[in-house]
Amino acid sequence: MSRIPLTLALASSMAAVGAAETGAAFPGTASDYRGYPRYDFTVDQCPCIVVTPRAALPGRPWIWRAEFFDAFPQVDLVLLAKGFHLAYMNVGNTFGCPSAMAHFDRFYEALTGPYGLAAKPVLEGLSRGGLYVYAWGAAHPDKVLCILGDNPVCDFKSWPGGKGKGPGSPGDWSKLLTDYGFASEQEALAYPKNPIDNLASLAQHKVPLLHLCGDADEVVPYAENTVILKEHYEKLGGRIKVIVKPGLGHHPHGLEDPTPAVDFILALLPAPAAP
């Protein structure tokens, strides 16, 4: 029979006690994620992960990663150390389509209901994850602390459609048409709810946006995605900060020093929850 290391067992026990004070203990399989207790379970028939901090901040803030769990997790790790929870739901490679967003709704309800996490998470969209966080955020702008985009897809015509300067991804484009239920490519090209076109609700609720972008991104071209989104959001009166990484492409993601992104997020916390 396998044994959980003593340090993890103690941490898991402490996490369960802490959760019991403000919400249910997380279910599923306990393991270790970079020194933090990790719980794998399902919600709405989708695999989910929650990583708990050693000591949660008051208000139990959390960062919700939409895609690629543990890829370039610099910001996630610093926030965990400061008392954030980290959450992820795997809805498959479905590009933020409506059925994926229905699963996200159930996950949000679980984490903010029985498990007692904060009502407004940070939404983190890395690459194609941008489609997920902007779709869910635009539908629920009152439930978003901020959006963190990391070389994010902001227009699926650009990627995976490849209708601009980037090569796109024909296989992903074909799957996206199916996942969204588009009857034709023409219907997809006319879709009015790409992130660049669906910002009004976020601006009305004054949701801050932060993007980390390589200006030489060859996969998700910067000029076709973040540049356009920034222009549209500012015209709507929204607040967006873009940290440009000169000369860098789609990889590597993140920042060598994540401090600017972490400080941006921490400044948004209600005063009682500040570390």
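Computed from the coordinates by the stated procedures, all read-outs in this text should not be read as laboratory data. Computed from a predicted structure; not experimentally measured. Reconstructed Cβ throughout: ideal geometry from the backbone, glycine too, with neighbour counts over all protein chains shown.
Express in whole angstrom the spacing between the alpha-carbon centres of segment 50-65 and segment 87-154.
Value for the Cα centre distance between the two parts: 16 Å.
Arrange D32, D142, D150 by Cβ neighbour counts within 10 Å, fewest through most, would you?
D142, D32, D150
Over 21 Å between C-alpha atoms is what I'm after, so list which of K120/K206; K163/K245; K157/K241; K82/K245; K163/K193; K157/K230 land there.
K163/K245; K157/K241; K82/K245
Run through segment 184-275 and list the GluC sites (Glu not before Pro) located in a DSSP loop whose Cβ has at most 16 other Cβ atoms within 10 Å.
Those satisfying the criteria are E218, E256.
Sort M101, M89 by Cβ crowding within 10 Å, fewest neighbours at the top.
Ordered from fewest to most neighbouring Cβ atoms within 10 Å, M101, M89 come out as M101, M89.
Just want the ordering: C154, C213, from fewest to most Cβ atoms lying within 10 Å of their own Cβ.
Lowest to highest Cβ neighbour count: C213, C154.
Each residue of segment 255-271 in turn: what ³J(HN,Hα) in whole Hz from Karplus with 6.51, -1.76, 1.60 and θ = phi - 60°, glycine and Pro shown as x?
Listing the rounded values in order: 10, 4, 10, x, 3, x, 5, 5, 4, 4, 5, 4, 5, 8, 5, x, 3 Hz.
Give a residue-ordered list of calculated ³J(HN,Hα) values for segment 105-119 (Karplus: 6.51 cos²θ - 1.76 cosθ + 1.60, θ = phi - 60°; whole Hz; x for Gly, Pro).
Each residue's phi maps through the Karplus curve to give 4, 5, 5, 4, 4, 5, 5, 8, x, x, 9, x, 7, 4, 6 Hz.
Given bins 5 angstrom wide, list per bin the percent of all Cα-Cα distances in the chain, short to long.
Bins of 5 Å from zero give 1, 6, 13, 17, 19, 17, 12, 8, 5, 2, 1, 0, 0 percent of pairs.
Would you kindly calculate the translational diffusion coefficient of segment 190-240, applying Stokes-Einstein with the Kirkwood radius from alpha carbon pairs, for 25 °C and a viscosity of 0.890 mPa s, and quote it in µm² s⁻¹ without decimals?
D, rounded to a whole number, is 214 µm²/s.
So what J values fall out for segment 68-84 if you push phi through Karplus, 6.51 cos²θ - 1.76 cosθ + 1.60 with θ = phi - 60°, rounded to Hz, Gly and Pro as x?
The phi angles translate into 6, 4, 6, 8, 6, x, 4, 5, 4, 5, 5, 5, 4, 5, 8, x, 7 Hz.
Counting pairs of alpha carbon atoms under 8 Å apart in space and at least six apart in sequence, what relative contact order in percent does segment 6-268 give?
16 percent
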